[in-house]
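K.L.:
Encoded as structure tokens, here's the structure I'll be asking about.
What follows is calculated from the coordinates using simple rules that are stated; it is not laboratory data. Since we're looking at a predicted model, the values are computed, not measured. Cβ: placed from backbone, ideal geometry, glycine included. Neighbour counts: every protein chain shown.
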Amino acid sequence: MNKAKTVGELKPGEKGTICCFKDDTLSLKLLDMGCLPGTTVEMKFSAPLGDPICIGVEGYSLLLRKAEANTISLV
Amino acid sequence: MKGARRTLVALVGNPNSGKSSLFNQLTGLNQKIGNFPGVTVDKKTGVCTLTNGERIDVLDLPGTYSVYPKSKDETVVTDILLNTSDPLFPDVVVVVVDTSNIKRNLLLFTQIKDLGIPVILALNMVDMADRIGKGYDLELLEKELETPVVNINARNGVGIDRLKKVLEQGAPKQGKAFFDVTELASDQIKEHLGANNAQTPYKALHSLVNDGSIMDTNAIQAKDTTVRYGKINKLVGKAEQKKTAIGLKLYTDKIDKILTHKIWGYLIFTAILFIIFQAIFAWASWPMDLIDNVFSEFSFWLSKTLPAGILTDLLAKGLVPGVGGVLIFIPQIAILFAFIAILEETGYMARVVFLMDKIMRRFGLNGKSVVPLISGVACAIPAIMATRNIENWKERMITIFVTPLMSCSARLPVYTILIALVIPNERVWGVFHIQGLVLLGLYLLGFLAALFSAYVMKKIMKAGERSFLIMELPTYKMPRWRNVGLTIVEKVKTFSFEAGKIIVAVSIVLWVLASYGPGDAIKNAEQNVQKSLEGKKYTQEQFNNQLASYKLENSYAAKLGKSIEPVIKPLGFNWKVGIALITSFAAREVFVGTMATIYSIQSAEEDVTTLKNRMRSEVDPETGQPYFTLALGLSLMVFYVFAMQCMSTLAITYRETKGWKWPVLQLVYMSGLAYVLALVTYNIFV
């Protein structure tokens, strides 16, 4: 119940606010790309095979694999 | 001469920020492609003439998101910018920023500024920002950042003169740091600055991180990035001027609904691949025939006009065909890169990755591997050059390694003659043409071998860098034709000069092998052939054909063919096939030409039927049966599916991987595969 939702679990059109990262190395890349704690992200759509996914951050579209999206926890 | 060194300006920016367009605007055709020492990253430099006539050097650095590198390309940028004694350390950096995406783009700008490098901020794509309702107060930005800010449009060249004017004034003075990082590790930074007082605190922080004095580098980096974004958000909020959006983003979203749709997306992608494939196959054929004809006419003319002798022979039969053999690939390279440049320019390439990543990842490949693999069906050379945009090293090496397994157009003439020779021209179940089915089977065999090899390599290769896919999905744009044109010029130049050298050298060696031989046999060729034809009626043409055939049979190539006979005998090949294997090492299609010479036929292309009949009538001296049996034909076909019989491909692999390791591995692996599978095939059917 208390398990925090991740970006990878958002449904298309759903929004969430980034809380923290589960993977240290990936988090640095994500920070560079503007995914900061407190930033709102929107799940836009996923590839036909379910992976990768496209999310909206800071007014642009970011493409990432589901496994990577799952390292981003939401508030 | 140190004082005479021209001012060096480096262009730095995020991928998709329009940095390359700006580079093309500044330098035009005055570009040079080289390598950064020790890495497989292209170094693009050019010369730009400023409005006052001064000439400056411009360096286009790879796109990067921050000075903390996450890939090999990004490491190149950081290495240069952190090392003031690097010969490529710039006097001024122009940071190119996509204004419609200003926050993320400014991160890199603030980092470079804080390193203490003189910097100019070039705001690109202001028109795009306008259309999505984002405008910024440039004067405020200039004042707050204490940096010259220039509004440019790299697509149509507006504002380039303004940027040149700013560059004329020399290195701009840098104001205070955007973010004073001293607070992140104050004692250590202060101590470091005491010893190196010319450095900025940010530079000091990087030195400390790089020499291992600061242990928790991840935390420092995370803190640094977070604080910077916080300050950028505040600044951008202040400089923002609300405008009405025209809704550009929406139309990108609408196109994406179709182009990444689960049915339409793949259908459209397949259609695009089909068009590219068709273009390389069909459109390239007439310029290729033209080049082929011009060079063979020229070499014929040379051998007629110049006095007979070794030098004329070398020129007419070694060098000129060698150069022709390089130039013949240019139409295919130009066409493929025209398409690839358009796909990149419009932003579609990122959607290809999006659609294909999951499938390709299973085989150790990347979403971007699809285009090289499919292009490989036309020709492996442009295909291998097209792997350049795969960022992950391992995925790129695997793609380069397996691409030549796709059956290229040069194998088609070999397949055609062999199929015609041994496969009956009949139908199965009344509909399927057996010959057609065999041809399809050969293509499939190559494709499956490519996927299988990729899978094996994925398992055995070290990861190198971690594979991740975190990239921007850019908005759709119209391609800039100037950039497309410059890409074509760049690729053609790279191929002709870098791979061309090796190709010409090997052609000359092969020419020597095929035209000289041990003893006096070749010297006395004419008399010997005359003797053998004594008493028979023959035309001059028949005599020449006999002569060519006699010469080849007594050449070093034949000697080699005979000496490898024990090795190729288990595959069913005799020494005549051996000669063809050796001469076609340069290029597979030479197989047909060599066979034609051995069987004394004047021109292979006009006389495939004659050649076929001659080959069919050859009798095995041991058994008295026809020599070209089904087993031998299939064995040869399988051999040509796998064998790395193309020195141009090896040369381009050498050029793209910057070393002999990969081309040698490719040659050994593919030859081994060819040998074993041809052996198996022969023994199944014999």
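K.L.:
Lys and Arg at +1, Asp and Glu at -1: add these up for the other residues within a Cβ distance under 13 Å of B:Trp662 and post the number. Walk me through the intermediate numbers first.
P.N.:
Numbers: positive: B:Lys394, B:Arg396, B:Arg655, B:Lys658, B:Lys661; negative: B:Glu656.
Net charge in that neighbourhood comes out at +4.
K.L.:
Return one quarter of the surface area of the convex hull spanned by the alpha-carbon atoms of region B:287-374, equal to its mean projected area, in nm².
P.N.:
Over all viewing directions, region B:287-374 projects a mean Cα-hull area of 8.0 nm².
K.L.:
Using +1 at the Cβ of each Lys and Arg and -1 at the Cβ of each Asp and Glu in region B:52-94, identify which of B:Gly53, B:Val94, B:Val76 lies farthest towards the dipole's positive end.
P.N.:
After comparing all options, I get B:Val76.
K.L.:
Just to be sure I understand the model, the point goes 7 Å from the Cα along the line to the Cβ. What's the resulting B:Val676 to B:Ser186 distance in nm?
P.N.:
About 6.6 nm separates the two model spin labels.
K.L.:
What's the extension gain from B:Leu29 to B:Lys231 if we count 0.36 nm per residue and subtract their Cα-Cα distance? Intermediate values should be presented prior to the final figure.
P.N.:
Values: separation 202, 0.36 × 202 = 72.72 nm, distance 4.00 nm.
The B:Leu29-B:Lys231 span can extend by a further 68.7 nm.
K.L.:
Hey, what do the phi angles of region B:143-153 turn into as Karplus ³J(HN,Hα) couplings, whole Hz, using 6.51/-1.76/1.60 and θ = phi - 60°, x for Gly and Pro?
P.N.:
Those phi angles translate into 5, 5, 8, 6, 9, x, 10, 10, 8, 10, 10 Hz.
K.L.:
Could you work out how far apart the two model spin labels at B:Gln625 and B:Ala271 are, taking each label as a point 7 Å from the Cα in the direction of the beta carbon, and quote it in nm?
P.N.:
My value for the distance between the label points is 5.2 nm.
K.L.:
Looking at the square roots a ≥ b ≥ c of the eigenvalues of the Cα gyration tensor of chain A, which shape do they give, rounded for a/c under 1.5, prolate if a/b is larger than b/c, or oblate? Please list the in-between numbers first.
P.N.:
Details: a/c = 1.31, a/b = 1.16, b/c = 1.13.
Rounded.
K.L.:
Taking a ≥ b ≥ c as the square roots of the eigenvalues of the Cα gyration tensor of region B:144-301, is the shape rounded (a/c under 1.5), prolate (a/b larger than b/c) or oblate? Write down the numbers at each step before the final one.
P.N.:
On the way: a/c = 2.16, a/b = 1.79, b/c = 1.21.
Prolate.
K.L.:
Would you work out which of B:Ala557, B:Val664, B:Gly519 lies farthest towards the positive end of the dipole of region B:495-685? Charges go on Cβ: Lys and Arg +1, Asp and Glu -1.
P.N.:
Going by the Cα projections, it comes out as B:Val664.
K.L.:
At a Förster radius of 22 Å, what calculated FRET efficiency corresponds to the Cβ-Cβ distance of B:Gln530 and B:Ala308, to the nearest 0.05?
P.N.:
That gives a FRET efficiency of 0.75.
K.L.:
Separate question: Taking the Cβ of B:Ser563 as the center, what net charge do the other residues with Cβ under 15 Å away carry, scoring Lys and Arg +1 and Asp and Glu -1?
P.N.:
That sum, taken over residues with Cβ under 15 Å, equals +2.
K.L.:
State the extension gain, in nm to one decimal, for the chain segment bounded by B:Val431 and B:Asp520, taking 0.36 nm per residue of separation less the distance between their alpha-carbons.
P.N.:
That works out to 26.4 nm of additional length.
K.L.:
Moving to a separate point now. List the aspartates and glutamates whose alpha-carbon lies under 14 Å from that of B:Lys562, not counting same-chain residues fewer than 8 positions away?
P.N.:
B:Glu553
K.L.:
What list of ³J(HN,Hα) couplings, whole Hz, do you get for region B:565-578 from phi and the Karplus terms 6.51, -1.76, 1.60, once you set θ to phi - 60° and write x for glycine and proline?
P.N.:
3, x, 6, 8, 4, x, 7, x, 8, 9, 5, 5, 5, x
K.L.:
Normalised by the number of residues in chain B, what is the relative contact order in percent for Cα pairs under 8 Å and 6+ residues apart?
P.N.:
10
K.L.:
Pairs of lysine in chain A with Cα under 20 Å and at least 8 positions apart or on different chains: total?
P.N.:
The number of close lysine pairs in chain A is 15.
K.L.:
Please pull out the direction-averaged projected area of region B:111-193, using the convex hull of its alpha-carbon atoms, in nm² to one decimal place.
P.N.:
The orientation-averaged projected area of the Cα hull of region B:111-193 comes to 7.0 nm².
K.L.:
Just the Cα atoms of region B:578-686, one point each, no solvent: what log10 I(q)/I(0) does Debye give at q = 0.12, 0.17, 0.19 Å⁻¹?
P.N.:
-0.51, -0.90, -1.04
K.L.:
For region B:253-336, go through all pairs of different Cα atoms, get the mean of 1/r, take its inverse, and jot down that Kirkwood value in Å.
P.N.:
15.7
K.L.:
Quote the convex hull volume per residue of the protein assembly as shown, based on C-alpha atoms, as a whole number of Å³.
P.N.:
209
K.L.:
Determine the dipole magnitude for region A:7-74: charges of +1 sit on the beta-carbon of Lys and Arg, -1 on that of Asp and Glu, nothing else is charged, the reference point is the Cα centre, and the result goes in debye to the nearest 20.
P.N.:
Computed about the Cα centre, the dipole is about 140 debye.
K.L.:
I'd like the per residue volume of the convex hull spanned by the Cα atoms of chain B, given in cubic angstrom.
P.N.:
Spread over its residues, the Cα hull of chain B gives 203 Å³ apiece.
K.L.:
Okay, next question. Set the Förster distance to 41 Å, then compute FRET efficiency between B:Phe300 and B:Lys569 from the Cβ-Cβ distance, nearest 0.05. Each step should come with its number before you reach the end.
P.N.:
Values: r = 37 Å, r/R0 = 0.91.
E(calc), rounded to 0.05, equals 0.65.
K.L.:
To continue, here is another question. Would you please classify the overall shape of region B:495-685 from the alpha carbon gyration tensor, given that a ≥ b ≥ c denote the square roots of the eigenvalues, rounded means a/c under 1.5, and beyond that prolate means a/b larger than b/c while oblate covers the rest?
P.N.:
Verdict is oblate for region B:495-685.
K.L.:
Now, a different point. What share of the DSSP beta bridges in chain B is antiparallel, in percent to the nearest 5?
P.N.:
Given both bridge residues lie in chain B, the antiparallel proportion sits at roughly 50 percent.
K.L.:
Which value in deg cm²/dmol, rounded to the nearest 500, describes the helix-derived mean residue ellipticity at 222 nm for the protein assembly as shown, given -39,500 (n - 2.57) per DSSP H run of n ≥ 4 and division by the residue count?
P.N.:
Calculated from helices alone, the mean residue ellipticity at 222 nm is -16500 deg cm²/dmol.
K.L.:
Could you state the number of Å between the C-alpha centres of region B:248-311 and region B:161-217?
P.N.:
Cα centroid to Cα centroid, the span is 49 Å.
K.L.:
Taking the Cβ of A:Ala69 as the center, what net charge do the other residues with Cβ under 10 Å away carry, scoring Lys and Arg +1 and Asp and Glu -1? Can you show the working numbers first?
P.N.:
Numbers: positive: A:Arg65, A:Lys66; negative: A:Glu9, A:Asp51, A:Glu68.
Surrounding charge for A:Ala69 is -1.
K.L.:
Still on this structure: How much length, in nm to one decimal, is gained on full extension between B:Asn196 and B:Phe89, taken as 0.36 nm per residue of separation minus their Cα-Cα distance?
P.N.:
Contour length minus the Cα-Cα distance gives 36.7 nm.
K.L.:
How far apart, in nm, are two points set 7 Å out from the Cα along the Cα-to-Cβ line at B:Asn544 and at B:Asn293?
P.N.:
It is 1.9 nm.
K.L.:
To the nearest 20 debye, what is the magnitude of the charge dipole of the protein assembly as shown about its Cα centre, counting +1 on the Cβ of each Lys and Arg and -1 on the Cβ of each Asp and Glu?
P.N.:
Computed about the Cα centre, the dipole is about 780 debye.
K.L.:
Under 5 Å between amide H atoms, partner at least 5 residues away or on a different chain: which partners does A:Thr39 have, H built in plane at 1.01 Å?
P.N.:
Amide H to amide H, under 5 Å and 5 or more residues apart or across chains, A:Thr39 pairs with A:Ile18.
K.L.:
Can you tell me the dipole magnitude for chain B around its Cα centre, using point charges on the Cβ only (Lys, Arg +1; Asp, Glu -1), in Debye to the nearest 20? Before the final figure, lay out the partial values.
P.N.:
Values: 73 positive and 58 negative charges, 173 e Å.
For chain B, the charge dipole is close to 820 debye.
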